[in-house]
1. Can you tell me which residue within region 82-129, out of those that are basic (Lys, Arg) and loosely packed, with under 10 Cβ neighbours inside 10 Å, is farthest from the chain's Cα centre (by Cα)?
2. Quick check: is even one residue across region 73-95 modelled with pLDDT of 90 or more, closer than 30 Å to LYS145 by Cα and either of a type outside the set (Gly, Ala, Ser) or in a helix (DSSP H, G or I) (or both)?
3. Of everything in region 79-126, what is in contact with a Lys or Arg (Cβ under 7 Å, 6 or more places away or on another chain) and of a type in the set (A, V, I, L, M)? Give them in sequence order.
Amino acid sequence: FLDERRHQLAAAARGLPRPADVLALASQRFDLSAGRLSAALARNAAVHERELVRVATRLSPSLLIRRRQAMAEQLANVSGRLRPAADRRLARARDVLIGLDKLRLSLNPDGPLARGFARVHHADGTLARTAAELRAGEGVKLVFKDGDRGAILDGEARAPVRPAKRAISTQVNQGDLF
């Protein structure tokens, strides 16, 4: 029985291709590709070398110098415009500051005192805003530009004391014209 099986196996093995035959086609393609690989690598290197030479011929220090000069011109242009722009900005800020200072001075409670007005304070120091809140006989403080004075309200209106006017001489000596 064992001999018969060996015989069948040998017969089946004769029908199969040999491993060398199966690999022969792949081996042949590999050898062909390996032969062309060195030539392909040489061509690829030559193409890249030509491309490198083409690009390298355009590279020169003058490219960098031109770029630097263009940037220097642009910087000079911007810096030339910077000073007037800064001056305009400072002028606008100065005008705003002057306006704010005028507003501050107009809101100064002592501003009207310089124009001849007076502020009236109650005895406790609070500001008297209307005549109706003042009573006859109440002590008040009158604040003027150059100082303050105490006063007692009497409730009567008095004529204001005006400074005496200078007498104007009516006698005019014109002299003789002839």
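The values are calculated or read from the model by the stated rules, or taken from the named source; none is laboratory data. A quick note: this is a predicted structure, and the numbers were derived from the prediction, not measured. Please note: Cβ atoms are built from the backbone with ideal geometry, for glycine as well, and neighbour counts cover all protein chains shown.
1. ARG129
2. The answer is yes; a qualifying residue exists.
3. LEU113, ALA114
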